[in-house]
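S.K.: One structure is given below, represented as structure tokens, and several questions about it will come after.
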Amino acid sequence: MAIRIRMSAACVALALMTHGAAASPPRLADFGFDMDNTSPAPTTPVERARLAALDAQLAGALQSSGLYQVLDLGKQAAALRSTTLNIRSCNGCELAVAVQQNARLAAYGWVQKVSDLILNINLVIEDVKTGKQVSGGSVDIRGNTDESWSRGLRFLLEEHVLKP
């Protein structure tokens, strides 16, 4: 009798592990980052390159975490950006694109440049069905360098998004 109970428990445990392993992470439509320049200085080509680097860093970190299946939206995100000033103020336009891609989640971010010394990086991950934010956060960074931007996003991800 005890052997049957142990065997049954082992079978249940194996079934639970197998079921959990078979579940794939949710599909996430990644729209990348926009620039919100509220400083008197114009956005530079170097800052545009930093936005592209943040896009790649975000997609890589989310995908390698195993928590998300990141979808590359490429042309769809570019088309959306060509019709709106920024994704966060387009009244849910990102949700329609995410639905077309069969995504469960949508992610977008922006870097606010207050000055060359004061910037912040913001990220929103929202449920596509409800439009409600399910994860994300904001971090302030000091210094307008490749390193400060990269470290800022890494901190935001580690402390607010990928933290269990």
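S.K.: Quick one: longest stretch of the chain between exposed loop trypsin sites (Lys or Arg not before Pro), exposed meaning at most 14 other C-beta atoms within 10 Å and loop per DSSP? Intermediate values should be presented prior to the final figure.
M.R.: Working: sites that count: K129, K132.
Looking at the chain, 1-128 is the longest stretch - no exposed trypsin sites (Lys or Arg not before Pro) with at most 14 other Cβ atoms within 10 Å.
S.K.: For R151, put the label point 7 Å out on the Cα→Cβ axis and report which residues of the range 45-86 keep their amide N under 17 Å from it.
M.R.: Only 54 fall inside the zone, counting backbone N under 17 Å.
S.K.: Work out how much length T38 to L117 would gain on full extension: take 0.36 nm times their residue separation and subtract the Cα-Cα distance, in nm to one decimal.
M.R.: Working it through step by step, the gained length comes to 27.2 nm.
S.K.: Further question on the same structure: With only Lys, Arg, Asp and Glu charged, each at its Cβ (+1 for the first two, -1 for the last two), find how big the charge dipole of the chain is about the Cα centre; round to the nearest 20 debye. Present the calculation step by step, with values, prior to reporting the outcome.
M.R.: Values: 16 positive and 15 negative charges, 133 e Å.
Using Cβ point charges on Lys, Arg, Asp and Glu, the chain gives about 640 debye.
S.K.: If you don't mind, there's one more thing I want to ask. Roughly how many nanometres apart are two label points built 7 Å out from the Cα toward the Cβ at E159 and V134?
M.R.: Label at E159, label at V134, 2.5 nm between them.
S.K.: Oh, and also: Just grab the label-to-label distance for R88 and R142, each label 7 Å out from Cα along the Cβ direction, in nm (one decimal).
M.R.: Computed distance between label sites R88 and R142 equals 2.2 nm.
Values quoted throughout were computed directly from the atomic coordinates according to the rules given, and no laboratory measurement underlies them. Model, not experiment: these values are computed from the prediction. Cβ sites come from the backbone with ideal geometry, for glycine too, and all protein chains shown count toward neighbours.
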